Amino acid sequence: MFFTDSVFVGVDPTSFHKSFTYAALDRGLNLVALSDGELDEVTAFLAGQQAAMVAVNAPSGLSRGLARGKKREMFKSQKTRAAGFRLAEIELRERGISVTGTPSTPGACPAWMQNGFALYRKLEKMGFKKYPAEREAYQIMETHPHACYSVLGGALPMPKPSLEGKLQRQLLLYECGLQIKDPMRFFEEITRHKMIKGVWPLELLYQPEQLDALVAAYTAWLAAHKPDQTVFVGEAKEGRILLPAKDLKEKYSGQ
């Protein structure tokens, strides 16, 4: 595959301000875009790129009941619950990574999932192909931000709205080589006077939805440049989730 002029984009459909938050990296992991917008704004940005790899933080398909009948400990005594989860989601939950299940009907899906489905449909009409697609300039894949941070850090991350959670996520991305704000500067800016006054350098930290979009963009970058450092969970029939790790641990727990 060739990605000389590609941008690597992460899209998060759970923004509180607009329908989507999106981040774009170039081949050198430089941040070239970080914004939010409605569906048309996101697709307009992507349409203006010569090539794009896009990772979306939303299910790419509905549950098709593939989990039912599987002899999995989590659902052994409550098999009907498996109908509300895709196989990928069960595999993650069995590893200790708590993720939301995807219903089997569109009407039962929450708004953010509906937004995700709309984005997938629009991009497919624009010519995006499901990753991996050999020598295709426009590709799309599904990922999951909480799962991504879990596998990057080797443990479950702290709650993302918290100060500690934002610092942790930003530091993980910075250590991966993303050319973003160094979160350690946050501590350099803190003084006794500022603490007494309640003045914190929060402008040095990204918001949770931005961090989720950034880790999705990094996953898209890895898919292009280091595919051997990524792994899929789930089945293509329901939608596979791509994660930024070569191997997965049997169990992830809190730090």
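A compact table of results
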read-out: Selected residue [modelled with pLDDT of 95 or more and more than 15 Å from ALA220 (Cα to Cα)] from GLY107, GLY96; value: GLY96
read-out: Pair list, Cβ < 6 Å and 6+ apart or interchain, from the stretch 183-206 residues that are without any contact (Cβ under 8 Å) to a residue 40 or more places away in the chain to residues that are of a type in the set (Asp, Glu); value: PRO201/GLU189
read-out: Residue count, the stretch 169-206 (criterion: modelled with pLDDT of 95 or more and out of contact with any Phe, Trp or Tyr (no Cβ under 9 Å at 6 or more places or on another chain)); value: 5
read-out: Looking only at the stretch 130-151, and only at residues there that are among the small types (Gly, Ala, Ser) and in contact (Cβ under 8 Å) with a residue 60 or more places away in the chain, the one that is surrounded by the most Cβ atoms within 10 Å (Cβ to Cβ); value: ALA147
read-out: Test for LEU31: is it farther than 22 Å from ALA111 by Cβ, touching a residue at least 24 places away in the same chain (Cβ under 8 Å) and not in a helix (DSSP H, G or I); value: yes
read-out: Some residue of the stretch 207-227 being in a helix (DSSP H, G or I), within 21 Å of GLY10 (Cβ to Cβ) and modelled with pLDDT under 95; value: no
read-out: Any hit, the stretch 233-243, residues being under 28 Å from LEU92 (Cα atoms) and touching a His at 6+ places or on another chain (Cβ under 6 Å); value: yes
read-out: Criterion: of a type in the set (D, E, K, R) and in contact with a helix residue (DSSP H, G or I) (Cβ under 6 Å, 6 or more places away or on another chain) - qualifying residue of LYS160, LYS197, LYS166; value: LYS160
read-out: Test: residue in the stretch 139-150 that is closer than 25 Å to ALA33 by Cβ, of a type in the set (Asp, Glu) and not in a helix (DSSP H, G or I); value: yes
read-out: So GLY127, is it exposed (fewer than 14 other Cβ atoms within 10 Å of the Cβ), among the small types (Gly, Ala, Ser) and at pLDDT below 95; value: no
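Residue-wise test of (1) surrounded by fewer than 20 Cβ atoms within 10 Å (Cβ to Cβ); (2) under 21 Å from LYS251 (Cα atoms).
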| position | (1), (2) |
| --- | --- |
| PRO157 | no, yes |
| LEU163 | yes, no |
| GLN179 | yes, no |
| MET184 | yes, no |
| LYS194 | yes, no |
| PRO208 | no, no |
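The values are calculated or read from the model by the stated rules, or taken from the named source; none is laboratory data. It should be emphasised that the depicted structure is a prediction, and the values quoted were computed from it without experimental measurement. Here the Cβ is made from the backbone with ideal geometry for all residues, glycine too, and neighbour counts use every protein chain on show.
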